[in-house]
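Trainee: Following this message is one structure expressed as structure tokens.
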Amino acid sequence: MIRAVCQVLVAEADELTDVLTGPARVAQNDPALDSDASLAVEDRQLNRSDLLQWLTSNIQHPGRRVDPYLGPRATAYIRDLAARGLAPDFANGWRAALAVAWRHWLTQCVATCTDPDLLVDVLDITAQSMGQYAVDWFGVLREASLADALGNADAGAIAMIQTIASGTSIPQEYAEGRLNYRLARPHQALVLWVDDPEHVDALEDVVTALRTSPAGRNALVARASTTSRWIWLSGNTAPDLHHIEKLITGSPFVRTAVGRRGPGLDGFRSSHQDALAAQAMIVRLGSRRRFTAYADVELIDTLTKDRASARRFVVHTLGPLAEADEALRQTLLTYVQCGFNTTRAAATLYAHRNTVERRVSRANELSTVKVEENPTHVAAALLVLDVAPDIASD
């Protein structure tokens, strides 16, 4: 019976991980996990790994004590937390996750087992198993070596960066000395990351290429986590983002979020917060975008804080257009962005004026809200689809 229930839940592991991760993240009470999407991804991966370890162990040896396993990816994540001085409340996180997991386990057991006496035995055994697994997990966590993290050369820089980002008042000269980086100039922050730790070499190659480019001559680079790097580009001349995009997107694995440029300590802080917000939005929406400037997607970020609400907005605004030919949507969006000027839209799209008129007319027929009635809502919904094309089909 234990094996049968575990087999059902293994097939639903991704969905169950998402259900567990939300309450656990709140209970861990660490804002860094909400603001840094790379850490949030690793936190979810750790939850998924623990869930699968318990389920698969009980498929192989039902009812036996389960040995926790911290693989290389989980160990790297824990070391990243230590290097940045972050201490999520794992105990509260486990309590919250176990409460949700037990509810799902109980529901599936009741649905599967029709023998009351057997059900009692199954619940008794598995309740003890889950509780013991949590105790054993913390034992393994305490034994995990953090020596590499404590010797991380970036630890001091990350601590200073986090102090600045928090808004704490700090003498500029002191911060510059700790970072070996001039803060009085304008700054443009970037977050570079990869989705899979196996592609870290590609991330390092891109960082090296960026540092050796003209835009990177006055760059500050910090290792935020195993899979992400924080970068600031400074100087009196704004960096050429088109050139940076071309350089970075040369790698198929590296993704980038860019903040708005700003001067001094405030600009250093706000540009970094922009870049983190853009990264979080891309990860939240499951977008395939490789290069995202926050200035281009700030409205979309606001609209999509809750994915379900964003989907409703898109579907209610665009109706059938939400799942129509992408060329129709792109033409209508460009038409609105060009101030309803067909000639300008045609030039932007490299299309004939008659083609643009025909597409705009067809797109407007399909859209529930007509562009002449509420161009702001139509444009916003189209922008959401541009960033997350699959959101309407969730």
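Trainee: So which residues in the stretch 76-98 are under 16 Å from Asp36 (Cβ atoms), buried (at least 18 other Cβ atoms within 10 Å of the Cβ) and of a type outside the set (A, V, I, L, M), if there are any at all?
Mentor: Listed by number, the residues that qualify are Tyr77, Arg79, Asp80, Arg84, Pro88.
Trainee: Select from the stretch 171-185 the residues that are open to solvent by less than 50 Å² (accessible area, probe 1.4 Å) and out of contact with any Leu (no Cβ under 8 Å at 6 or more places or on another chain) and list them in ascending order.
Mentor: The answer is Arg185, and nothing else.
Trainee: Find the residue count for the stretch 11-22, including only residues that are part of a helix (DSSP H, G or I) and open to solvent by 50 Å² or more (accessible area, probe 1.4 Å).
Mentor: Here the count works out to 5.
Trainee: Taking Leu150, is it modelled with pLDDT under 90, open to solvent by 50 Å² or more (accessible area, probe 1.4 Å) and within 29 Å of the chain's Cα centre (by Cα)?
Mentor: Answer is yes for this residue.
Quick grid of which residues meet (1) buried (at least 18 other Cβ atoms within 10 Å of the Cβ); (2) of a type outside the set (D, E, K, R); (3) in a helix (DSSP H, G or I):
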residue	(1), (2), (3)
Arg288	no, no, no
Thr292	yes, yes, no
Ser309	no, yes, yes
Arg312	no, no, yes
Thr317	yes, yes, yes
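Trainee: All but one of (1) surrounded by fewer than 20 Cβ atoms within 10 Å (Cβ to Cβ); (2) closer than 28 Å to Pro252 by Cβ; (3) touching a Leu at 6+ places or on another chain (Cβ under 6 Å) hold for Leu366; state the number of the condition that does not hold.
Mentor: Here Leu366 meets the rest and fails (2).
Trainee: Those residues that are modelled with pLDDT under 95, buried (at least 22 other Cβ atoms within 10 Å of the Cβ) and either among the acidic types (Asp, Glu) or within 15 Å of Ala209 (Cα to Cα) (or both), I need them from the stretch 256-281; list them, please.
Mentor: Asp274
Trainee: Can you tell me which residue in the stretch 222-255 is modelled with the highest pLDDT, limited to those that are open to solvent by 20 Å² or more (accessible area, probe 1.4 Å) and of a type in the set (D, E, K, R)?
Mentor: Ranking the qualifying residues of the stretch 222-255, first place goes to Arg255.
Trainee: Here's a follow-up. Among the residues of the stretch 369-394 satisfying the criterion of being open to solvent by 70 Å² or more (accessible area, probe 1.4 Å) and either in contact with a Ser or Thr (Cβ under 8 Å, 6 or more places away or on another chain) or among the charged types (D, E, K, R) (or both), which is modelled with the lowest pLDDT?
Mentor: By that ranking, first place goes to Asp394.
Trainee: Continuing with this model, one more query. Report the residue count in the stretch 54-64 for those that are assigned to a helix (DSSP H, G or I) and surrounded by fewer than 19 Cβ atoms within 10 Å (Cβ to Cβ).
Mentor: Qualifying residue count, the stretch 54-64: 3.
Trainee: Can you find, within the stretch 344-363, the residue that is nearest to Arg290 (Cα to Cα) among those that are in a loop (DSSP other than H, G, I, E, B) and open to solvent by 50 Å² or more (accessible area, probe 1.4 Å)?
Mentor: Tyr350
Trainee: Please enumerate the residues belonging to the stretch 65-105 that are outside any loop (DSSP other than H, G, I, E, B), under 29 Å from Ile2 (Cα atoms) and hydrophobic (A, V, I, L, M, F, W, C).
Mentor: Ala74, Phe90, Ala91, Trp94, Ala96, Ala97, Leu98, Ala99, Val100, Ala101, Trp102, Trp105 - these are the residues of the stretch 65-105 that are outside any loop (DSSP other than H, G, I, E, B), under 29 Å from Ile2 (Cα atoms) and hydrophobic (A, V, I, L, M, F, W, C).
The values are calculated or read from the model by the stated rules, or taken from the named source; none is laboratory data. All values reported here derive from a predicted model rather than from experimental measurement. Note that each Cβ is placed from the backbone with ideal geometry, even for glycine, and that neighbours are counted across all protein chains shown. Protein only, heavy atoms only, side chains kept; ligands, DNA and RNA dropped before computing areas. Shrake-Rupley method; radii C 1.70, N 1.55, O 1.52, S 1.80 Å.
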